[in-house]
Amino acid sequence: MTKSLDTRAVMLFALVAVLFIGTGFVQSWNTTLTILNMGLISAIMALGVNMQWGYAGLFNVGIMGFVALGGLAAVLVSMPPVEDAWAAGGIQVLLGLVLGAATVVGAILVWTRMPAGWLRAVLMLTVLIGGFFIFRAVFDAGVAAVESINPASTGYLGGLGLPILLAWPVGGVLAAGAAWIIGKTALGLRSDYLAIATLGIAEIIIAVLKNEDWLARGVKNVTSLPRPVPYEVDLQSSEAFLGFVGWLGADPVTASSVTVKLAYAGLFLVVLLALIWLSEKALNSPWGRMMRAIRDNEVSASAMGKNVKARHLQIFILGSAVCGLAGAMMTTLDSQMVPGTYQPLRFTFLVWVMVIVGGSGNNWGAVLGGFLIWWLWIQVEPLGALLMQGITAGMPVDSWLRDHLLDAVAHMRLLTMGMILLLVLRFSPRGLIPER
């Protein structure tokens, strides 16, 4: 059984490799490398979701929020600080945030330290209401001062000006911190309520990123993030690179673009391989067997002395951290932070399709699903356009059926994803590479 699974996995990965290589020959190597880089990031996202669902059975549909927090980390770590904004109201903003956190902590201490009764309730409300007004008075004034500093190009505090590669682990830590807060309150819920809670919290995170301009410019977007790889224009002005390209007989512009994408692919591949190695070690360890025992029967695992809620919180934090890491990598690849692009369809539904199609509970299956589904997501629309053009080639130009079929090309992605999901659930319900 194990040998047949290994053979099947190798064949499926070989098929996906053929799809990418064929894209390079038929279209261009720039195109296939662009798809490959986002495929590597999508595979990492799928690994994070697979940890939560495949290991522990946690139904998290707030993936988008954790990915966005990773993107925010890239801005906060790598962008240079806006000195004028800091001088105008940066300290006031930080003081306001500290006062807000102190208000919440004070209310919690009142509730937990005082004996039950009307006095406790009154004092807690006094702390919350008084703290809220003090927080808003300090925070709002600082935000107004920061956002008034050259809003056309800055209008925010900026970041720390550190190398952007440091933002990748920071993105994981930021997502893990948010997951701890969410998990402490939401993991006691039933699976369907957990899904609703995580989706709602993800939407709140996106709303904050869109509306708090002082943090990351909101919908004005942060562009021109630093790169961990060379710029194409620098390669094109390098004597050594031009000599090498001339020896190959390649176009310098195309070669520089391919080189940059290959450099990104190398960085992403190192991260993916490290995560797969760690995930496989964890899954095959006593900890991994315990997580699967909790997933399969929480009551029995609890009767054996396992702390189910603590283990659920642990795996929820780990999976969210991986998604945050992927979000920071994606923002690095794009060189910009655009909160409006974080949509549930792309960063929740599609990642779930990757895990289900690839094989939940199997790390290699999740990675396979990430590559395969992302390739299909990108290529289905142009292939669908060619198909419809072929079908409608002999139809009259004014035919309503021709117009309808050509208009349907825009919906080919959703139709194809739905069909693939139905076919896999019907003929291979455990995924293309099922869990052993």
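Within segment 49-84, the set of residues being in contact with an Asp or Glu (Cβ under 9 Å, 6 or more places away or on another chain), surrounded by fewer than 24 Cβ atoms within 10 Å (Cβ to Cβ) and at negative phi comprises Phe59 only. The set of residues from segment 288-300 being of a type in the set (A, V, I, L, M) and either within 26 Å of the chain's Cα centre (by Cα) or within 17 Å of Trp53 (Cβ to Cβ) (or both) comprises Met290, Met291, Ala293, Ile294. Residue pairs whose Cβ atoms lie under 6 Å apart, sitting 6 or more positions apart in sequence or on different chains, and linking a residue in segment 221-235 that is in contact (Cβ under 8 Å) with a residue 24 or more places away in the chain and at negative phi to a partner that is surrounded by fewer than 17 Cβ atoms within 10 Å (Cβ to Cβ) and part of a loop (DSSP other than H, G, I, E, B), are Leu225/Ser335. Any chance segment 22-33 includes a residue that's closer than 30 Å to Arg217 by Cβ, assigned by TED's automatic domain parsing to the domain that holds Arg292 and not hydroxyl-bearing (Ser, Thr, Tyr)? Looking for residues that are closer than 30 Å to Arg217 by Cβ, assigned by TED's automatic domain parsing to the domain that holds Arg292 and not hydroxyl-bearing (Ser, Thr, Tyr), one finds at least one in segment 22-33, hence yes.
Quick grid of which residues meet (1) out of contact with any helix residue (DSSP H, G or I) (no Cβ under 9 Å at 6 or more places or on another chain); (2) among the charged types (D, E, K, R):
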residue	(1), (2)
Val110	no, no
Met114	no, no
Gly117	yes, no
Arg120	no, yes
Leu125	no, no
Leu128	no, no
Gly131	no, no
Arg136	no, yes
Gly142	no, no
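Candidates in segment 204-257 are the residues that are modelled with pLDDT of 90 or more and of a type in the set (Phe, Trp, Tyr); of these, the one that is surrounded by the fewest Cβ atoms within 10 Å (Cβ to Cβ) is Tyr231.
Residues of segment 222-266 that are farther than 26 Å from Met329 by Cβ and part of a helix (DSSP H, G or I): Glu239, Ala240, Leu242, Gly243, Phe244, Val245, Gly246, Trp247, Leu248, Pro252. On the stretch given as segment 310-345, residues that are under 20 Å from Ala207 (Cα atoms) and either surrounded by fewer than 22 Cβ atoms within 10 Å (Cβ to Cβ) or in contact with a strand residue (DSSP E or B) (Cβ under 8 Å, 6 or more places away or on another chain) (or both) total 9.
Listed here are the helices (runs of 4 or more DSSP H) enclosed by segment 267-373 that have at least 1 residues being farther than 24 Å from Leu199 by Cβ: 286-296, 298-303, 308-334. Once segment 121-174 is narrowed to residues that are of a type in the set (Ser, Thr, Tyr) and within 26 Å of the chain's Cα centre (by Cα), the residue that is surrounded by the most Cβ atoms within 10 Å (Cβ to Cβ) is Tyr156. Only one of the numbered conditions (1) at pLDDT 90 or above; (2) of a type outside the set (Phe, Trp, Tyr); (3) outside the structural domain of Asp213 (by TED's automatic domain parsing) is not met by Val351, and that is (3). Filtered by the rule that a residue be over 21 Å from Leu166 (Cα atoms) and over 19 Å from the mean Cα position of the chain (by Cα), segment 218-237 gives Lys220, Glu232, Val233, Asp234, Leu235, Gln236, Ser237. What number of residues within segment 345-398 satisfy the criterion of being in contact with a helix residue (DSSP H, G or I) (Cβ under 7 Å, 6 or more places away or on another chain) and charged (D, E, K, R)? Final tally of qualifying residues: 1.
Okay, residues lined up against (1) within 26 Å of Val219 (Cβ to Cβ); (2) assigned to a loop (DSSP other than H, G, I, E, B); (3) touching a helix residue (DSSP H, G or I) at 6+ places or on another chain (Cβ under 7 Å):
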| position | (1), (2), (3) |
| --- | --- |
| Pro151 | yes, yes, no |
| Leu157 | yes, yes, yes |
| Leu162 | yes, yes, yes |
| Trp168 | yes, no, yes |
| Leu174 | yes, no, yes |
| Ile182 | yes, no, yes |
| Leu194 | no, no, yes |
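The values are calculated or read from the model by the stated rules, or taken from the named source; none is laboratory data. What you see is a predicted model; the values in this text were computed from it and never measured. No Cβ is skipped: glycine too gets one built from the backbone with ideal geometry, and neighbour counts run over all protein chains shown.
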